[in-house]
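Here is the structure we will look at, set down as structure tokens.
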Amino acid sequence: MTLAARLLALALVVACGPAGAVECVGFLRMHGMLRQAQAQCAFERFNPEIVDTARRCYEHLGAGTGAPAMRAGAAEFDRMADLRGVRAACALIERHFPMAVR
């Protein structure tokens, strides 16, 4: 599955699914990627519902699973920024996750 397809699938889960239906490892990967993007792209807002769901997922999974998932997501953003450039990566995140960051 391409990065764009994975981003779209995660965005649909966030936009359409209730918190109980969220697959926590994937959600925490997305959250880690978005947090890394927020830091590098200077996004001013981050959806508090996403933060709350990530917190609940992290508590549910524990640090042994949650932290590596978030680090993997952050690393995914870094790879995207290395390949495309930070500006292009930020634009892609903003385009695919308008409900999450601004």
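Just so you know, all these numbers are worked out from the coordinates, no wet-lab data involved. Source: prediction; values computed, not measured.
Side notes on the structure shown:
- Note, ³J(HN,Hα) from phi for the stretch 57-65, Karplus 6.51, -1.76, 1.60, rounded to Hz, x at Gly and Pro: 5, 4, 5, 5, 7, x, 5, x, 9
- Taking θ as phi - 60° and the Karplus parameters 6.51, -1.76 and 1.60, the scalar couplings of the stretch 91-97 work out to 5, 5, 4, 5, 5, 8, 10 Hz in sequence order, x denoting glycine and proline.
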